[in-house]
Amino acid sequence: MSDKVKVTIDGITVEVEPGTSILNAARQIGGDIVPPAMCYYSKLEGSGGKCRTCLVKVSKGSEKDPRPMPKLVASCRTGVMDGMEVQNITSPEVIEARKGVVEILLINHPLDCPVCDQAGECHLQDLSYEHGVADTRYEFDRRTFEKIDIGDKIQLHMTRCILCYRCVYVADQITDNRVHGILGRGDASEISTYIEKAIENDFSGNVIDVCPVGALTDKTFRFKNRVWFTKPVDAHRDCPKCKGKVTLWYKGEEVLRVTGRKDQYGEVEDFICNTCRFDTKNTSDWVIEGPRHISHTSVISSNHYEMTLLPVIKENPILIEANKIEFDRATKV
Amino acid sequence: MARKLLLENINVPGIHTFDVYRQHGGYRSVEKALKTMTPDAVVEEVKTSGLRGRGGAGFPTGMKWSFLAKPEGIERYLVCNADESEPGTFKDRYLMTHIPHLLIEGMIVSSFALGAKTSYIYVRGEMMPQIRILERAIAEAKNAGFLGKNILGSGYDLELYVQPGGGAYICGEETALIESLEGKRGNPRIKPPFPAISGVWACPTVVNNVETIAAVVPIINDGGEEYSKVGNGRSTGTKLISASGNLNKPGVYEIELGLPVEEFIYSEEYCGGIANGKRLKAVVAGGSSVPILPANLILKTINGQPRLMSYESLSDGGFQTGSMLGSGGFIAFDEDQCIVRNTWNFARFYHHESCGQCSPCREGTGWMEKVLHNLENGHGKMSDIDLLVDVSKKIEGNTICPLGDAAAWPVASAIRHFRDEFEWHITNSKTAMEQNYGLAKYADPLPKLEEAIQN
């Protein structure tokens, strides 16, 4: 007798732990039926429910109470019940609502992807590519803000922000003292610091990793390169503050930036400290583990970095070996 | 003269003071409940009465109370929602200003029923005079032994606090109110968990409207059975209606639920007809967030029945031809009022009051406001009308809290019923700046249902 509950998402049944959210149950199945999420971040407690892109239809509440839920629900914040049946991409209602949410998220977004550092790994870009329409019905001036520097390494460009609150949760949950938050109300609300105070703590850089769009960017990487020209490599170092497990983004011999290791949903495995992120940008600081696998759907994988010999790999026999297999597989295809 | 349960003594001079209120039978219900009844008996009595929440949603109060989780050793709280800020609604402010002890009496009985030892009255920040009035009334009641330790020797302790809000419409939503009460930013919480399980400081909490809590007093005094005889069908008891707009006698009226809308507007006892001898064009029956109805549909339902002031009758016909009782903010528009301008005004309000937490409401309310502003000022296009309907559909039902719905309904309903006027604003944009569309056919008798089907 297992304690697990059965939930059916788009006709696929999966057994999950009680208390799992619909979104996480869908992630256990994987594939196309995983609802997109802009604000939910599994490592941040209390996140989610705000962007409404993960709306799904619950066509059967549970085995005990089979009534459907009256409204679409945010799958990231709705727990599964035994026997629940959920429709995501099989429900036209959900697709329609998601289209609406994407349109609404984009009406005040500058769409300045050509000059945005986030382009290529931006969730809003992916989302609008999949669910958006080609033109806009919004004819008014878009909301704009001045760029502000919060700390010497991080720039906040509020114009691009979709107010997912992730960076606020990061500051609440992994740093000692939160000095930034939401000011204002409604569509005038903005992320800001207390009277433009700088964010200064050892883990502040993680707000860059969690930001789904290009609102919070790394000033040390700013305008250095497009992400799809850089090559991600997993590396670690002995760090007294964090686990030191990172992804280095190479261009030639040079480490252009350091981020946490992001999975296919853009969520980092471990949060990293600012020393690892901003101050250790030499190959000699790191022990290289191997190329970071990026989902084949991402534009970053289009430069086939996994198959080409990075300069840094040439000197490391283990990496040469690891890379050979990749290279053979790719050339066979 | 219909029977009044809440405002019976409203005209007695000095009723806002404890002594006068007590002389007129005040605090009887506290004595009755604390000395002769168990908390469960009070809840049962409220259930029997069929009282429904007076804040807007109309959820049965007794049922809400019985959902309250009662784990051992954890405090429970009762919070009175006095963050009344719906445009067109001003009944709670009236009640708190003139007869504050009624609310406090209701709070004591309700807190006793729920086993709350600390209760809060969350008052909107702008209502500073009412906050002072309530605090004074609480001090008087405490002085007379109706609050504090061991009330009337029954062993029941209750502390009652007034908490001023920051003045945001969104803080009238119960979970946003709880956040605000805790001293945080007033963003609605994602439900579940519901406040009955985890509310103020993660403790079980009940949030009730001022009028709901005040209505507990006559229920306990006369018994739930007696209260349920007042009213009509499942809409029991009396309701405070804040009548405003182009009426001869706007103001707060206590009506027995089930009163015909026509009688409410035109009888001398209530609003006394439309001001300046004009004709009625439209009515918003329950505060700005409920669908607006043209004159013919507010007086009669689509089936030709007279429309009554009750939860059921006003929502008869669903969103196609009906509206809602909501919080009882009754706004009447005469033939010279512009529905487009009014819709824009409502949209502007919701745009300003959206908390900005979830995307459809944050961006959608602003979008609708801008489009309506264009329409009203003669820059509209025909496609804008369908755009508004579409945007309102994208907001409705997809948000965390009901503010999204409340912003979408007035726009959608105004276009549904007054599409001619919107189109006229576009085709005659110059004329529309100088004069109004007028009454048109909005007060014409409804077509017979059979004919409508044939067409």
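The values are calculated or read from the model by the stated rules, or taken from the named source; none is laboratory data. Keep in mind the model is a prediction, meaning the values are calculated, not measured. Neighbour counts are summed over all protein chains in view; Cβ atoms, including those assigned to glycine, are modelled from backbone coordinates with ideal geometry. Only protein heavy atoms, including side chains, enter the accessible area calculation; ligands, DNA and RNA are left aside. Shrake-Rupley method; radii C 1.70, N 1.55, O 1.52, S 1.80 Å.
Descriptive notes on the structure:
- Scan the stretch B:336-364 for residues that are in a loop (DSSP other than H, G, I, E, B), of a type outside the set (D, E, K, R) and more than 8 Å from chain A (Cβ to nearest Cβ) and the total you get is 2.
- Some residue of the stretch B:379-388 being buried (at least 18 other Cβ atoms within 10 Å of the Cβ) and either touching a strand residue (DSSP E or B) at 6+ places or on another chain (Cβ under 9 Å) or among the aromatic types (F, W, Y) (or both): no
Every residue, every condition in (1) closer than 19 Å to B:A406 by Cα; (2) hydrophobic (A, V, I, L, M, F, W, C), yes or no:
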residue	(1), (2)
B:I255	no, yes
B:E263	no, no
B:N303	no, no
B:S310	no, no
B:Q320	yes, no
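- Only strands (runs of 3 or more DSSP E) whose full extent lies in the stretch A:1-111 are considered here, and the ones with at least 2 residues that are hydrophobic (A, V, I, L, M, F, W, C), open to solvent by 10 Å² or more (accessible area, probe 1.4 Å) and not assigned by TED's automatic domain parsing to the domain that holds A:H296 are A:12-16.
- Residue match in the stretch B:85-108 (condition: in contact with a Lys or Arg (Cβ under 9 Å, 6 or more places away or on another chain), assigned to a loop (DSSP other than H, G, I, E, B) and within 27 Å of B:V290 (Cβ to Cβ)): yes
- Tally of residues being surrounded by 17 or more Cβ atoms within 10 Å (Cβ to Cβ), touching a Phe, Trp or Tyr at 6+ places or on another chain (Cβ under 9 Å), over 13 Å from A:E121 (Cβ atoms) and not β-branched (V, I, T) across the stretch A:244-275: 7
- Screening B:P360 on (1) open to solvent by less than 40 Å² (accessible area, probe 1.4 Å); (2) closer than 21 Å to B:L297 by Cα; (3) out of contact with any Asp or Glu (no Cβ under 8 Å at 6 or more places or on another chain) shows it passes everything except condition (2).
- The strands (runs of 3 or more DSSP E) falling completely within the stretch A:124-232 that include 2 or more residues that are within 14 Å of another protein chain (Cβ to nearest Cβ) map to A:180-183, A:190-193.
- Residue satisfying condition, being open to solvent by 10 Å² or more (accessible area, probe 1.4 Å) and under 24 Å from B:Y94 (Cβ atoms), within set B:E353, B:E335: B:E353
- Among residues of the stretch A:212-229, those that are of a type in the set (A, V, I, L, M) and either over 17 Å from A:E146 (Cβ atoms) or surrounded by fewer than 16 Cβ atoms within 10 Å (Cβ to Cβ) (or both), counted: 2
- B:I302 passes every criterion in (1) aliphatic (A, V, I, L, M); (2) more than 22 Å from the chain's Cα centre (by Cα); (3) surrounded by 19 or more Cβ atoms within 10 Å (Cβ to Cβ) apart from (3).
- Residues satisfying the stated conditions in the stretch B:69-92, i.e. over 12 Å from B:S111 (Cα atoms) and either open to solvent by less than 10 Å² (accessible area, probe 1.4 Å) or within 13 Å of the chain's Cα centre (by Cα) (or both): B:N81, B:A82, B:D83, B:E84, B:S85, B:E86, B:P87, B:G88, B:T89, B:F90, B:K91, B:D92
- Against the test of being open to solvent by less than 10 Å² (accessible area, probe 1.4 Å) and assigned by TED's automatic domain parsing to the domain that holds B:R93, the options B:A196, B:A176, B:A202, B:A168 yield a single qualifying residue, B:A176.
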